[in-house]
1. For the subset of the stretch 262-276 comprising residues that are outside any loop (DSSP other than H, G, I, E, B) and surrounded by fewer than 24 Cβ atoms within 10 Å (Cβ to Cβ), which member is nearest to the ligand (Cβ to nearest atom)?
2. I'd like to check something: does the stretch 234-245 contain any residue that is over 20 Å from residue 308 (Cα atoms), away from the ligand (no atom under 16 Å from the Cβ) and surrounded by fewer than 20 Cβ atoms within 10 Å (Cβ to Cβ)?
3. Every residue in the stretch 346-369 that is surrounded by fewer than 24 Cβ atoms within 10 Å (Cβ to Cβ) and away from the ligand (no atom under 11 Å from the Cβ), please.
4. Would you mention how many residues in the stretch 71-120 are free of Cβ contacts under 8 Å to residues at least 24 places away in the same chain, touching a strand residue (DSSP E or B) at 6+ places or on another chain (Cβ under 7 Å) and not in a helix (DSSP H, G or I)?
5. Output the residues belonging to the stretch 297-312 that are in a loop (DSSP other than H, G, I, E, B) and near the ligand (Cβ under 7 Å from one of its atoms).
6. When you go through 138, 151, 119, 145 one by one, which is the residue that is touching a helix residue (DSSP H, G or I) at 6+ places or on another chain (Cβ under 6 Å) and surrounded by fewer than 19 Cβ atoms within 10 Å (Cβ to Cβ)?
7. Based on this model, can you work out whether residue 328 counts as at pLDDT below 95 and buried (at least 16 other Cβ atoms within 10 Å of the Cβ)?
8. Answer yes or no as to whether residue 409 is touching a helix residue (DSSP H, G or I) at 6+ places or on another chain (Cβ under 8 Å) and at pLDDT 95 or above.
Ligand code: SDX
């Protein structure tokens, strides 16, 4: 097959160069522009990285127009129906679905790291009781680098594997500690006889004075949400982890940077913002007013949970979560008027040209909060839930980058439009 090339011509000087084109296994080709500065003295310009492939990766593939999401080639719909969060975690990290023995060993290895250092627990006493859980979680995860700084040789595959297990295992414990601190309740230690999600619910909701039984429906619902949130290609928080990790920084610090990036309402913080928005809308009668505000640039109001940089079709995860809402609410014998409101909002918005023309559909954050609420998880913890699941993707991408001998520190350039060179003026002359 002939090697594909793009020709770049500087029309002002007539200088031409042939740019190599790289093809992936699926998805668009990429034009290798690495030498355009050397050959043409120009940079590429792509604010927000909308069309920039920052790296090669084998982990997750998204087709935004078709609404396709594959984890290591497996459709997320099949994994949501047939797999588990521990099995998907193994798949994302290893690249292959595990055998039964491999899955049992992986699950056991994770359970060996569920406790956190008692000194880390004392960090929570330093936070005010109403500190946002994302602030506590990002701070405590960054502090993990203080505990493992001397045993973190990022070039040692075994160290990288233990790091992966520690992050995945300890995030639920750290999240639960933040939740208990907010409630003023005693911390509940992990139980390794429970599944990953059952243990999380146990740490969140058990109290020392009475037995607590995990509802299997709730554990199953959480496992589904974690599968759907586990990875998503080069999203903002994953790109943050890659950039921070590319400097050789302690990987716990890189993961903490990812947690901070995820917090934004344009990203993972949207799940909390959706419920706040639905509560603000309040009733079906008010939907037209808020849809009009979302279309008015001067209102600075957006429909949270709507739109996506990549998906210009339904986010496949939103479809699965919407269907799960019906089942979970019914099985738990509960209802949520905000779910009904969300369904009507989706129906009205998707009939409006403004949203249809801009291909703005519900994304993963639009319905997830309905299920988190049904499980009794407070709204301020929704993005922490997202971070727990996404920690697997962050670690998988960090490992993929560090294991690549050709990886280099990330260092974007810019288009400078500031002042040209000028000399210092004495204050008496300004
Ligand atoms: C996640 O990247 C990932 O993969 C992220 C994620 C993951 O799994 O990691 O999928 C998780 O972060 C999902 C997104 C959650 N965020 C929200 O729900 C916040 C609300 N949505 C947006 O603010 C917005 O849609 C983004 C941030 C998601 C995408 O922003 P883009 O790609 O920069 O799109 P844009 O702002 O350029 O919007 C294009 C147009 C604009 O109008 P025009 O200038 O063309 O007239 O669509 C409009 C925007 O004003 N628009 C919206 C809108 N989202 C975009 N208008 C009203 N409501 C919205 N939600």
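1. Only one residue fits best here, namely 273.
2. There is no residue in the stretch 234-245 that is over 20 Å from residue 308 (Cα atoms), away from the ligand (no atom under 16 Å from the Cβ) and surrounded by fewer than 20 Cβ atoms within 10 Å (Cβ to Cβ).
3. Across the stretch 346-369, the qualifying residues are 346, 347, 348, 350, 351, 353, 356.
4. Of the residues in that region, 0 qualify.
5. Passing the criteria: 302, 303, 304, 305, 307, 308, 309, 310.
6. 145
7. It is true that residue 328 is at pLDDT below 95 and buried (at least 16 other Cβ atoms within 10 Å of the Cβ).
8. So residue 409 fails the test.
The values are calculated or read from the model by the stated rules, or taken from the named source; none is laboratory data. Please read these numbers as outputs of a predicted model, since none were measured by experiment. Using ideal geometry, Cβ is built from the backbone for each residue, glycine included, and neighbour counts are taken over all protein chains shown.
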